[in-house]
Amino acid sequence: MRSSDIEELKTSVIKEVEACYRQLRQLSQKIHSNPEPGFQEVKAAAWLTHYLEENGFSIERGICGLPTAFRGSYGEGKPAIALMAEYDALPKLGHACGHNLIAGSAVGGAVASKPAINRFGGSILVIGTPAEELYGGKAIMAEQGAFDNLDVAMMVHPGVHDAATTQALACISLDVEFLGRAAHAAANPEAGINALEAMLQSFAAINSLRQHIKNKARIHGIITDGGEAANIVPAHSAGTFIVRAEDDAYLDELKERVLNCFIGAATATGARLEYRWGKVRYAPLRNNLTLARLFQKNMKSLGRKVLFSDPSKAFGSTDMGNVSQIVPSIHPNVAIASKEITTHSPEFAAAAASEAGIKGMLDAAKALAMTVVDLVANPEIVAKIKQEFGSK
Ligand SMILES: [Zn+2]
Ligand SMILES: [Zn+2]
């Protein structure tokens with residue numbers, strides 16, 4: 001394969017994205033103005049699958065027992081390259097994480113990749129993964145084998161920097177309750193067992209613990225029940241917490257130390273502790289560097305200054321982490337807003353519907369499709385990506 005042929009094919013996939021400009025813009029705007037939180041993304045899933053179907057993709061809806069998950073595929077066999085679509089919104093804030101643009105870039109990138117698949121074979125898939133924000137849809141789908149037969153998985157998340165790799169932490173939630181005994185807070189305080197004090201002591205213990213944990217670990221929480229009235233010793237308190245760490249081993253260690261904070265508070269106050277760890281655990285994100293370099297080069301060719309890693313060193317968690325443990329993956333960022341703006345804010349929600357947002361979505365779709373060209377045209381690159389990942 002001559003490199004001039006590859007360049008020619010890249011030019012044609014870029015043109016494909018441009019030809020779909022109006023439809024992609026409309027699709028992402030429609031999802032933006034109809035925000036649906038996790039597992040309620042009925043409209044978004046219907047619009048996206050309809051678009052793919054119109055463009056010759058075969059569709060399976062409701063995969064993994066999740067009504068708003070789907071798989072669209074075009075072509076056959078290997079390499080099987082998947083673009084991940086997210087389309088859930090945040091409660092009250094709407095598309096403040098810009099998942100409407102992730103959806104647009106995934107379907108746009110996949111449809112534009114068709115000439116490359118027609119020429120070299122292989123398959124391009126769009127996997128619709130619901131509820132990234134609230135329930136870790138991809139973690140649930142990963143357990144059911146949704147990503148097992150893929151060679152590569154890619155998605156682009158909107159942000160405030162152009163960066164080829166992302167840092168995301170392992171993460172799990174914890175629901176806690178203390179059960180005490182109610183009593184008149186003035187007349188008979190000695191008869192009460194104060195469940196709120198147990199919760200406050202837990203916060204104090206966690207604050208102490210926080211001084212002595214590794215740099216990137218995070219523990220944060222809120223009180224969801226702190227009692228009924230000031231003149232009643234609280235018989236019940238409840239809170240929800242999130243524990244995050246750079247790797248799974250340290251998350252396991254932290255889980256135990258965090259739990260000990262609550263056990264200590266229960267012992268000190270006499271309140272009984274009940275707790276439940278979250279069903280879904282987000283795995284840390286493994287960036288495939290070979291794949292990230294390929295994407296970076298393609299994104300740079302569109303005139304963006306793409307850094308290899310995010311200069312802000314900001315990190316959260318994403319269920320793409322769980323995918324990245326199974327299949328070589330990338331989760332780069334495309335800038336759609338200025339650096340002062342943070343995701344999960346009303347300002348970012350506005351950016352996700354702005355011209356800069358649409359431009360970011362189209363560039364992401366182009367760079368994804370160009371990377372698909374590289375992958376299907378060069379089996380040795382796929383082999384190198386797999387070698388880095390550690391699979392055959
Ligand atoms: Zn988010
Ligand atoms: Zn997000």
How big is the accessible area of residue 71 in square angstrom, nearest 10, if you roll a 1.4 angstrom probe over the protein chains?
-> 50 Å²
Which order do 73, 312 take by accessible area at a 1.4 Å probe, largest first?
-> 312, 73
Just add up the charged neighbours of residue 27: K/R +1, D/E -1, any other residue whose Cβ is under 12 Å from the Cβ of residue 27.
-> +3
Leaving ligands, DNA and RNA out of it, rank 86, 340 by accessible area with a 1.4 Å probe, largest first.
-> 340, 86
Formal net charge of residues neighbouring residue 97 (Cβ-Cβ distance under 10 Å; K, R +1; D, E -1) | -4
May I have the extent of the alpha carbons of the chain along their three principal axes, as whole Å values ordered from largest to smallest?
-> 86, 41, 40
Quick one: check the C-alpha center-to-center distance for the range 267-327 versus the range 16-31, whole angstrom.
-> 27 Å
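Please report the carbon-and-sulfur percent of the accessible area for the range 225-382; probe 1.4 Å, protein heavy atoms only, DNA, RNA and ligands left out.
Details: 3670 of 6690 Å².
On the range 225-382, the fraction of accessible area on carbon and sulfur atoms equals 55 percent.
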In percent, what relative contact order does the chain have, based on Cα pairs under 8 Å that are 6 or more apart in sequence?
-> 24 percent
Using only Cα atoms, locate the centre of the range 330-368 and the centre of the range 180-212, then give the distance between them in Å, rounded to an integer.
-> 44 Å
1.4 Å probe accessible area per residue over the chain, in Å² = 43 Å²
Name the most mobile residue of 187, 163, 80, meaning the one with the largest mean-square fluctuation, in a Gaussian network model of the chain with Cα contacts below 10 Å.
-> 187
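Can you give the net charge of the other residues whose Cβ lies under 13 Å from the Cβ of residue 161, counting K and R as +1 and D and E as -1?
+1
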Give the calculated FRET efficiency between residue 252 and residue 60 to the nearest 0.05, with a Förster radius of 35 Å applied to their Cβ-Cβ distance.
-> 0.50
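Using r as the Cβ-Cβ distance of residue 18 and residue 143, and R0 as 51 Å, what FRET efficiency do you calculate, to the nearest 0.05?
For residue 18 and residue 143, the calculated efficiency is 0.85.
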Reach of residue 313 by Cα under 19 Å, taken over lysines that are not fewer than 8 positions away in the same chain = 214, 216, 305, 339
Over the heavy atoms of residue 362, what accessible area does a 1.4 Å probe trace out, to the nearest 10 Å²?
-> 20 Å²
Can you send over the solvent-accessible area of residue 165, 1.4 Å probe, protein chains only, in Å² to the nearest 10?
-> 10 Å²
By accessible area with a 1.4 Å probe, ligands and nucleic acids excluded, highest first: order of 51, 74, 135 = 135, 74, 51
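The values are calculated or read from the model by the stated rules, or taken from the named source; none is laboratory data. What you are looking at is a predicted structure, and each value in this text was computed from that prediction instead of being measured. Every residue, glycine among them, receives a Cβ derived from its backbone with ideal geometry; neighbour counts consider all protein chains shown. Just the protein is used for accessible areas: all its heavy atoms, side chains included, with ligands, DNA and RNA removed. Shrake-Rupley method; radii C 1.70, N 1.55, O 1.52, S 1.80 Å.
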